[in-house]
Amino acid sequence: MSSTLRSMRLSATRCRSFAAGPSHAHQSLKIANARYNSSVSRDPMTGELAKLPDIDPSLLQVVKTDSPKDVPHPSNLVFGHTFTDHMLTVPWQMLEGWGAPKIQPFNSLSLPPSATVFHYAHCLFEGLKAYRDTNGKVTLFRPDMNMKRMNRTAERVAMPTFNSDAMVELLKQLVRLDKHWIPNQPGYSLYIRPTMIGTQAALGIAPPKEVLLFVICSPVGPYYPQGFKPVALYGTTEYVRAAPGGIGAYKLGANYAAGVAAQKAAAEKGYVQNLWLHGPDHHITEVGTMNAFVVFKKPDGTIELVTPPLDGMILPGVTRDSVLTLAQEHAAGLIEIPELTNKLVVSERPVTMGEVKEAAEKGNLVEFFGTGTAAVISPVDRIGYLGKDVQIPTGPDGMGPVSRPLWKYLTGIQTGTIAHPWAVEV
């Protein structure tokens, strides 16, 4: 037992340093042979700390497929079931750092059954989209935010971090190669899934010494192809999604696997998705896999847009941040969002299901919606809570007076009809 403990402590000591995070900004991604050093390791011979190579776009190898697939008709697309011709892979080893990136034909991964991803949930991922505007220009929506969050998640589970700018450059190159997969129709996009997994072929709870970062792409259509359809939520009190100090604020595979049973239970009760409630006061945290927003009407006629604060249990969603930022800028008079009230107050504060229920009973509940990459905004029309349904107002099109103009403005940025620095050209 003592030798096992010593081995685990030694392994943790050797691997602790690479979770320190990115540093040393580079001069330009265009500089030939530039290196991105963000990881350090202790030399096993000298004991000295040494910088390890970070992800370097100048080392990218591109192997194009010799058997390109037929691009399916947009009407046949099912979210997450169709993938483009190519994928990106970047290996990492504890003593060597990040290896050469490679764009290669989409294919299966070969992993030993002892790989740590299968046993200790060393798995994290991101989700973002590329859009094509009416002039054919392709853009990524806020990829820097996704890479920043991916690094935070990697640190949380003692996996290696990387230079975010370098990774964004690689994403651009992958999308450039497969951009013809983006349907040239309104509402369609290319969903991009960066993923990091532990691949070390060994059992034992410790930071993995080998990791694979890979990216796959999937063409997707509008989340609501027939128009917005509000969803019914079940206020889950039987399960707990996250707790203070846990992993709720990180995009880990373990978070999503643990939520499937609650979602299944909600479906069996006749609801589309579950609403995560926390603690004895039933604080609202998330809507299934989305961030939650509530809109209240105040006695003076002011409209309050509320979302729970980032308290360590809630995922810092990119769409959440985008909706908040746009609403705050509109409320401050920095931008004008058509059709959105000027009597708007934006709050990041705790909100309970009891407050929502009381507002609904008094006629002061304006709307309730979720936000996420896939749906952007998802309106809610009822919430099952303690044996009864709380009815949520919705407009004729399924949306509300706050979510509708925010959705129009945000999707305008994403699709290029509204110029904005969040849209990053590929």
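Go through the residues of segment 345-354 one by one and say whether even a single one is in contact with a Phe, Trp or Tyr (Cβ under 6 Å, 6 or more places away or on another chain) and either open to solvent by 10 Å² or more (accessible area, probe 1.4 Å) or closer than 20 Å to residue 271 by Cβ (or both).
Yes, there is a match, as at least one residue in segment 345-354 is in contact with a Phe, Trp or Tyr (Cβ under 6 Å, 6 or more places away or on another chain) and either open to solvent by 10 Å² or more (accessible area, probe 1.4 Å) or closer than 20 Å to residue 271 by Cβ (or both).
Of the residues in segment 322-334, how many are in contact with an Asp or Glu (Cβ under 9 Å, 6 or more places away or on another chain) and open to solvent by 40 Å² or more (accessible area, probe 1.4 Å)? Steps first, answer last, please.
Applying the first criterion (in contact with an Asp or Glu (Cβ under 9 Å, 6 or more places away or on another chain)) to segment 322-334 yields 324, 330.
Going one step further and asking which of them are open to solvent by 40 Å² or more (accessible area, probe 1.4 Å), we end up with none.
Adding up the residues that qualify gives 0.
Any idea how many residues of segment 292-321 are open to solvent by 30 Å² or more (accessible area, probe 1.4 Å) and in contact with a Leu (Cβ under 6 Å, 6 or more places away or on another chain)?
1
Among the residues of segment 224-259, what is the count of those that are open to solvent by 50 Å² or more (accessible area, probe 1.4 Å), part of a loop (DSSP other than H, G, I, E, B) and under 17 Å from residue 374 (Cα atoms)?
3
Taking segment 366-385, which residues are more than 19 Å from residue 411 (Cα to Cα), open to solvent by 10 Å² or more (accessible area, probe 1.4 Å) and not β-branched (Val, Ile, Thr)?
381, 382, 385
Failed condition for residue 144, given (1) within 22 Å of residue 86 (Cβ to Cβ); (2) open to solvent by 30 Å² or more (accessible area, probe 1.4 Å), with all others met?
Among (1) within 22 Å of residue 86 (Cβ to Cβ); (2) open to solvent by 30 Å² or more (accessible area, probe 1.4 Å), residue 144 violates only (1).
For residues in segment 152-173 being part of a helix (DSSP H, G or I) and open to solvent by less than 10 Å² (accessible area, probe 1.4 Å), which is nearest to residue 247 (Cα to Cα)?
By that ranking, first place goes to 153.
With respect to the numbered conditions (1) more than 28 Å from residue 145 (Cβ to Cβ); (2) at pLDDT below 95, which one is the sole condition not fulfilled by residue 111?
For residue 111, the failing item is (2).
Among the residues of segment 28-72 satisfying the criterion of being under 28 Å from the mean Cα position of the chain (by Cα), modelled with pLDDT under 75 and of a type outside the set (Gly, Ala, Ser), which is surrounded by the fewest Cβ atoms within 10 Å (Cβ to Cβ)?
Selected residue: 30.
Among 206, 262, which is surrounded by fewer than 22 Cβ atoms within 10 Å (Cβ to Cβ), in a loop (DSSP other than H, G, I, E, B) and small (Gly, Ala, Ser)?
The conditions single out 206.
The values are calculated or read from the model by the stated rules, or taken from the named source; none is laboratory data. Note that this is a predicted model, so its numbers are computed, not measured. Note that we place each Cβ from the backbone using ideal geometry, even for glycine, and neighbour counts take in every protein chain shown. The accessibility values were calculated without ligands, DNA or RNA, using every heavy atom of the protein model including side chains. Shrake-Rupley method; radii C 1.70, N 1.55, O 1.52, S 1.80 Å.
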